[in-house]
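Working notes, beginning with the structure itself.
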Amino acid sequence: MNGDTGLWSAGFDLPDNIEFLERGRLWWLVALALLLIGYVVMQFVRRRAAVRFTQVKLLDKIAPQRLGWRRHVPAIFMLGGLALGILAYAEPAAATQVPSERATVILAIDTSLSMQAEDVSPSRIDGAKAAATAFIDEVPSQINVGLVSFNGIASVRVPPTQNRAAVRSAIQSLDLGEATAIGEAIFAGLSTLDDFIVEFDGEAGPPARIVLMSDGETTVGRPDAAAVEAARAAGISVSTIAFGTDQGVIELPDNPTPIRVPVNERALAEIADGTGGEFFEASSTEELTAIYTDIGSAVATEETRVLVGSWFSGRAMLLILIAAALSLFFTNRLP
């Protein structure tokens with residue numbers, strides 16, 4: 001039902017899960033049914049009267065071009081328009097998913113040295129930046145987005161905000177560093193969410209989640225298990241994305257021998273399972289972008305009922321206009 005509110009809106013698809021908020025007004029359909037019955041009865045009465053009081057041969061000479069069945073077409077459109085108008089009068093509403101205006105998503109992106117591996121084109125870090133930017137473009141504008149980066153330390157690059165330009169700029173400026181502190185990244189995300197939720201002055205905090213993307217496992221900082229326990233206690237789910245392949249290698253300036261940097265899916269899956277989040281695997285930039293897009297289109301929505309009377313009233317007006325046009329065409333008068 002997105003945007004389908006006008007008379008000339010494209011398509012005639014009926015909204016799903018319709019519920020009429022004023023069901024008592026549907027009784028007007030009974031009056032419409034009686035009108036239809038009256039119309040049918042009058043056709044038989046008029047036919048009998050015409051045959052009884054009119055010389056048929058003379059009638060054929062005077063009006064050889066009788067309308068026949070076509071004279072009923074405007075009435076059919078008119079009755080259809082009235083029926084839709086009554087349905088609109090009963091205030092129909094449809095269930096739909098809308099973004100929660102207070103929802104918050106923290107993106108936590110791995111910036112360890114292993115992210116320079118080129119097993120993912122053009123590289124893991126460049127692919128991560130492209131996919132995260134696609135997420136920013138996909139997620140509804142009402143949702144707050146924050147950014148955490150982590151290598152040996154975790155840094156809150158952008159607190160939760162609806163300023164997409166700030167988040168996009170911070171993503172593009174990410175730099176790589178030594179070590180991987182996944183646990184610290186989760187703690188940083190929880191801390192910034194806690195600071196953000198405090199601003200609601202005791203109200204129920206906004207729905208929130210952390211989306212963490214990494215290609216490795218924790219090598220420094222607090223362990224994953226401690227972060228999982230903290231996230232569970234805070235009621236925050238952590239969805240994780242394992243990005244890269246087992247064929248990834250990097251070369252360091254002080255070590256000419258290539259170093260293998262395979263992805264540790266198990267560690268990331270345990271984080272997701274432990275916090276009630278989802279675990280994903282991506283071995284290409286395209287797959288990572290698709291995952292982020294799916295998360296962005298589904299995150300932090302809530303079901304609400306939206307009035308869709310305009311769907312019915314718009315089409316009612318259209319049918320009535322067609323009835324008027326046909327009546328003018330066939331009889332040179334309005335119905």
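Data overview
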quantity	calculated
For region 77-89, Karplus couplings with θ = phi - 60° (6.51, -1.76, 1.60), whole Hz, Gly/Pro x	5, 5, 5, x, x, 5, 4, 5, x, 5, 4, 5, 5
Isotropic mean projected area of the C-alpha convex hull, region 101-299 (nm²)	10.1 nm²
Residues Trp27, Trp311, sorted so that the one with the fewest Cβ neighbours within 10 Å comes first	Trp27, Trp311
Contour excess over end-to-end distance, with Cα ends at Thr219 and Leu29 and 0.36 nm allotted per residue	61.3 nm
Dipole of region 101-299, positive direction: furthest Cα of Ala128, Pro207, Gln142, with charges on the beta-carbon	Gln142
Highest-first arrangement of 177-183, 160-166, 224-230, where packing means the average Cβ count within 10 Å	177-183, 224-230, 160-166
Sites Glu178 and Ala233 - FRET efficiency at Förster radius 41 Å, r taken between beta-carbons, to 0.05	0.85
Peptide ranges 313-322, 214-223 listed from the most packed, as the mean C-beta count within 10 angstrom indicates	214-223, 313-322
Förster radius 35 Å - calculated FRET efficiency between Asp294 and Ile153, Cβ distance, rounded to 0.05	0.70
Sequence ranges 125-135, 276-286, ranked by mean other-Cβ count within 10 angstrom, highest first	125-135, 276-286
Nitroxide proxy distance, nm - points 7 Å out along Cα→Cβ at Arg260 and Ser141	4.9 nm
Extension gain from Asp126 to Asp195, taking 0.36 nm per residue of separation minus the Cα-Cα distance	21.8 nm
Rough spin-label spacing in nm, given labels placed 7 Å along Cα→Cβ, for Ala325 and Ser284	4.9 nm
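Values quoted throughout were computed directly from the atomic coordinates according to the rules given, and no laboratory measurement underlies them. Only a predicted model underlies this, so the values are computations on that prediction, with no experimental measurement involved. As a convention, Cβ positions derive from the backbone with ideal geometry for all residues, glycine included, and neighbour counts pool all protein chains shown.
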